[in-house]
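Working notes for the structure below.
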Number of protein chains: 4
Amino acid sequence: MSAVEEHVTEDVNADLGFGAVVARESRRRLLNRDGSFNVHRDGLRFWESLSAYHYFLTMSWTKFLGWIIGAYIIVNAIFAAVYVLLGSAALHGGKHDFASAFFFSIHTLATIGYGNVSPVTFAANVVVAVESLVGLIGFAIVYGFVFARFARPTACIRFSEKAVIAPYKDGRAFMFRIVNQRESQIVNLEATVLLSRRKKGGVTRVDREFVPLKLERESVVFFPLAWTIVHPVDAESPLKHWTAEDLMDCDAEFLILLNGFDETFSQTVHTRSSYAASEVVWGARFRSMFNPPEEDGTITVDIRKLHEIEQVPIPAG
Amino acid sequence: MSAVEEHVTEDVNADLGFGAVVARESRRRLLNRDGSFNVHRDGLRFWESLSAYHYFLTMSWTKFLGWIIGAYIIVNAIFAAVYVLLGSAALHGGKHDFASAFFFSIHTLATIGYGNVSPVTFAANVVVAVESLVGLIGFAIVYGFVFARFARPTACIRFSEKAVIAPYKDGRAFMFRIVNQRESQIVNLEATVLLSRRKKGGVTRVDREFVPLKLERESVVFFPLAWTIVHPVDAESPLKHWTAEDLMDCDAEFLILLNGFDETFSQTVHTRSSYAASEVVWGARFRSMFNPPEEDGTITVDIRKLHEIEQVPIPAG
Amino acid sequence: MSAVEEHVTEDVNADLGFGAVVARESRRRLLNRDGSFNVHRDGLRFWESLSAYHYFLTMSWTKFLGWIIGAYIIVNAIFAAVYVLLGSAALHGGKHDFASAFFFSIHTLATIGYGNVSPVTFAANVVVAVESLVGLIGFAIVYGFVFARFARPTACIRFSEKAVIAPYKDGRAFMFRIVNQRESQIVNLEATVLLSRRKKGGVTRVDREFVPLKLERESVVFFPLAWTIVHPVDAESPLKHWTAEDLMDCDAEFLILLNGFDETFSQTVHTRSSYAASEVVWGARFRSMFNPPEEDGTITVDIRKLHEIEQVPIPAG
Amino acid sequence: MSAVEEHVTEDVNADLGFGAVVARESRRRLLNRDGSFNVHRDGLRFWESLSAYHYFLTMSWTKFLGWIIGAYIIVNAIFAAVYVLLGSAALHGGKHDFASAFFFSIHTLATIGYGNVSPVTFAANVVVAVESLVGLIGFAIVYGFVFARFARPTACIRFSEKAVIAPYKDGRAFMFRIVNQRESQIVNLEATVLLSRRKKGGVTRVDREFVPLKLERESVVFFPLAWTIVHPVDAESPLKHWTAEDLMDCDAEFLILLNGFDETFSQTVHTRSSYAASEVVWGARFRSMFNPPEEDGTITVDIRKLHEIEQVPIPAG
């Protein structure tokens, strides 16, 4: 392999931000279907890796709700224990047990303050003061996270399960299909596709290269329904003369990057995915997703048909 | 039709993100005046299509307020029913009817807690604890939506009701006019106009093509008042030699895309609209929107004149 | 005037988004020193022109605080009046006068609920329910505005009071100076300068043209301190061979546009200003704003010197 | 020095937004390792320089929490003092000392309102009304800051402690290494590197120039792990024929600018840093950060190895 080739490869490799070792050693796909990377970092100190902000921002709403409920119960339990420890004279009203103290704590933290139970001693009042501050700060943090989660745009683009090698003009093309699952409009959507594969003429099994694939169309102005992204296998294509077996032999992986402007959030959004060689169907095409036009002329698309493909013969590469 | 023509058409078609079927079959306009698309998706599962976030973010403030009031009443009614079910010993003070329980619930959910009514039994206290948490989370969600609605920029650009084919230099031009309805400044406003029409020489009635129209000016640095967007009908224009009848015959539709930077929100904003053939007045021009300069030299524009046009003869195309 | 000239002028004119009438008729400056435009819109319906959101977002904090305090007092006074109207049996505890009702309303709206006064009748409880909802929604709106104001970036760039025509290399240049008044860093700051003037050879006094001025440097990567923006008066400059009198005679106005990326807000920010002919000092240069380096080598700049200029002879244009 | 050279230098100098004085006089590094500038402004009026917003937005969370706790205690203490001044009749319930008044103030400000202590006199009720408003506004400001802090993206990119001059192809290169410390993905990361140095052939010791360094690769699409940024010392490099001593003699400083798109925040983020001559190791290279691939093929990187370098011989420049 000449120095020039080496250089080109290094460039494209670096383009992905993967180190050479990752590219050469990995026996797993680099990018998972859900867009996450198959790499991990360690060596961060505990607090650095905790990354609480990112964690609470990206978890599911159900889990987020679970955390709030859990924290609410624990904080009240702690304060209840403190009130119990302060003795039976600390609070006026109610029974002097943990349950009463717990409910008093809730009246305080939630700032209800019925007054059927109230703090009497200096110590109890100090604990109430602390609890009110904990409540203020805690609610601010909960509100802050809810807001941050609301303000955070997430593209909800669904990819077809399989990519296909389909007939295209006089030859063939690599194609996959995406739909917008949301009501919100995405405009100026751009696609980038890179082919990651072991080099065909590579010295060892683990030499990998990353090749950008030229697309018939790199962006769409609107994305109201579906978009079939097409890489024509022409004279310059790295897939020229390739067979289905070649794809498998080379551990080929198609890395997909999408970015567009989400109108609901008025922000730029990114999505990633990939197709491994085993997810590419050789000699197939996508069935139309459009329903027959309705009587009033309205066009509808059936998103359940996103993954539907049918076998077709394709010309030799 | 040659392969080259086919290719060009497909390209522009795809440029809009509409599938070929939409472009060929639709007998309705593609883009409504308010910028929404005349297409629909189905096949999404119930929860996916629910899209609550998008719904609450984009509904009118009146409707949003209605939802809050409705939810507030329903939640309190549910808790009131629970307190009633817990029996007359559950709450101390007040009458032991639904109304009292409902008002007690409000004192609790809103965290007022007068204490004229207060929970006595363990069960009642547990319900109070649950209600306080429901209140915390519910308020966080309401606050979150209010913030998200406040933080979401929406361009408020009004389009002239009609577009015109007006005299322009030695020939004529397609023109429409827009004004900024808001106090906020929009800067770097860009316009894109596409002509969608059945092909003049098309094989069937339903062959559609999308042609970008060259504009005299594609963007303005400032947009303090009004902007007349002009497509000169020159030698390269797809409207060359066309008549008003040709427009109607071909189901022509002018698709408009605007994007700019809103200074109040400090964010990029997008607006869409379209003019159908029946909304284009042949042989007319826009009247000036400017009032006579005031004594102190201040310039004013009368937005009520946005739609005013007057008939004028135009040279042959 | 030939058709070509006409066209060029129209273009630049439109570039500012000012209509021809504004450009030709205005006897006042187009852009005020604070960046606002000297134009006004009317014809908007009351609600459209109200633009409450923009109003509350851009007013001063003092005024915003005044609005909150005023609204708080008025809302409580209204509810107090209602409680008084409900009769002396409506509330238990306190005196049955307006003052007591007003304070009870505050305990309710602010969700304090001491309980020393509490609602007794069904009607009073209904009003309490309404007030609690008004409080919830009102607080959400106040919080929303505070957040939106906090999240809204505003570049705080101060312009030198005067622009100068200063010596520059072998000739001269138009210059003005800006400083960043904030601790926050602005990066990738770009400047655009347009000269607006009555045409020298224009047929009537009111023919105006807008000419972009070429800058020695159109952007800076960082803007930690000060930046002197320089338009060299070279062979292509529209200011070539001009005198101070020419500037005044032509009602020249230099329109300034700045945009950059604010690191504190992580958002793009825009600033506008302008220099009228009377604000340009002919034959002067800016004094250095830098203090002598401190003992430890730290560089400091004295922002009070921003406006300091000194007379210098300049070569003929 | 010719006029041409002078011009070029001025240009690049201005490119950084540093004035000529800064560039010529400073004996300290311009940009600190943490990205802050070694320059200071004075002459701002007190309120302008206060910059409270920027201060509360960028301080650490610990400090921010300290401010909230401090403000909470002070505000309650002030109101407590006022209640005490109003005399023993002002409040009903509790002892009539400062502690009781302080706790009553907390019950009021936090909107708990147990009612065990309650305001009696008109004056006390007015103070309660004021306190409730102070609470509303104060909480809105605290919430606002928490949201603004949450919504503010901060890239957390760690730079290697040292940069190196390492072997590269047939020659050598200036290199440094960065890692993403966060879970969040940064995409489209771009790097800019400028060399600041006293001119080799300069007339005086203090003539400084700023030279952009050409990078082997100016951006990466993804940044999941680490990126080594490389400036090859080729024929055009300003480092050609330089030795380690030359670097020190010229007070060389490498200024680094990074910007990318943070997926968690969906916003553009910027980071700055610099390497002084003393932080560049001559004849060294970075050790691999990758751990041996795990059994399942997962790739891991050990961030503790970020700074690890090893001595290697390098060819002459």
**Report entry** Residue within region A:154-172 that is facing chain D (nearest Cβ under 10 Å), of a type in the set (Gly, Ala, Ser) and without any contact (Cβ under 8 Å) to a residue 40 or more places away in the chain present
**Finding:** no
Requested in this report: For region B:94-109, name all the residues that are outside any helix (DSSP H, G or I) and either buried (at least 17 other Cβ atoms within 10 Å of the Cβ) or in contact with a strand residue (DSSP E or B) (Cβ under 6 Å, 6 or more places away or on another chain) (or both).
Outcome: B:GLY94
Query - Failed condition for C:TYR83, given (1) farther than 18 Å from B:GLY113 by Cα; (2) within 10 Å of chain D (Cβ to nearest Cβ); (3) buried (at least 17 other Cβ atoms within 10 Å of the Cβ) - result: (2)
Query raised in the report: Looking at (1) among the hydroxyl-bearing types (Ser, Thr, Tyr); (2) surrounded by 15 or more Cβ atoms within 10 Å (Cβ to Cβ); (3) modelled with pLDDT of 80 or more, which is the one condition that is false for C:SER288?
Result: (2)
Query raised in the report: What are the pairs, 6+ residues apart or on separate chains, where a residue within region C:248-262 that is within 18 Å of C:PRO212 (Cβ to Cβ) has its Cβ under 6 Å from a residue that is acidic (Asp, Glu)?
Result: C:ASN259/C:GLU190
Query - Set C:SER273, C:SER278, C:SER266: member being on the phi < 0 side of the Ramachandran plot and free of Cβ contacts under 8 Å to residues at least 40 places away in the same chain - result: C:SER278
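Looking at this structure, is D:SER88 in contact with a His (Cβ under 6 Å, 6 or more places away or on another chain), more than 12 Å from chain A (Cβ to nearest Cβ) and surrounded by fewer than 17 Cβ atoms within 10 Å (Cβ to Cβ)? Talk me through it step by step, then tell me what you get.
Details: in contact with a His (Cβ under 6 Å, 6 or more places away or on another chain): yes; more than 12 Å from chain A (Cβ to nearest Cβ): yes; surrounded by fewer than 17 Cβ atoms within 10 Å (Cβ to Cβ): yes.
Yes.
Matching residues to (1) modelled with pLDDT of 85 or more; (2) touching a His at 6+ places or on another chain (Cβ under 7 Å); (3) hydrophobic (A, V, I, L, M, F, W, C); (4) more than 24 Å from D:ASN180 (Cα to Cα):
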| residue | (1), (2), (3), (4) |
| --- | --- |
| D:ARG198 | no, no, no, yes |
| D:GLY201 | no, no, no, yes |
| D:LEU213 | yes, yes, yes, no |
| D:ARG217 | yes, no, no, no |
| D:PRO224 | no, no, no, no |
| D:PRO232 | yes, no, no, no |
Query raised in the report: How many of the residues making up region B:162-187 are of a type outside the set (A, V, I, L, M, F, W, C) and farther than 30 Å from B:ALA235 by Cβ?
Result: 6
Query raised in the report: When you look at A:ALA124, is it assigned by TED's automatic domain parsing to the domain that holds A:VAL269 and of a type outside the set (Ser, Thr, Tyr), yes or no?
Result: no
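Okay, residues lined up against (1) facing chain A (nearest Cβ under 9 Å); (2) polar (S, T, N, Q); (3) surrounded by fewer than 21 Cβ atoms within 10 Å (Cβ to Cβ):
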position: B:ILE112; (1), (2), (3): yes, no, no
position: B:GLY115; (1), (2), (3): yes, no, no
position: B:VAL126; (1), (2), (3): yes, no, yes
position: B:VAL130; (1), (2), (3): no, no, yes
Query raised in the report: Within region C:234-251, is even one residue surrounded by 20 or more Cβ atoms within 10 Å (Cβ to Cβ) and either facing another protein chain (nearest Cβ under 10 Å) or closer than 30 Å to D:GLU190 by Cβ (or both)?
Result: no
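Yes/no matrix, rows are residues, columns are (1) touching a residue at least 40 places away in the same chain (Cβ under 8 Å); (2) within 23 Å of C:ALA77 (Cα to Cα):
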position: D:ILE69; (1), (2): no, no
position: D:ASN76; (1), (2): no, no
position: D:ALA90; (1), (2): no, yes
position: D:GLY94; (1), (2): no, no
position: D:THR111; (1), (2): no, yes
position: D:GLY115; (1), (2): no, yes
position: D:VAL120; (1), (2): no, yes
position: D:VAL127; (1), (2): yes, yes
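The values are calculated or read from the model by the stated rules, or taken from the named source; none is laboratory data. All figures in this text were calculated on a predicted structure; none of them were measured in a lab. Every residue, glycine as well, gets a Cβ built from its backbone with ideal geometry; the counts of neighbours run over all protein chains shown.
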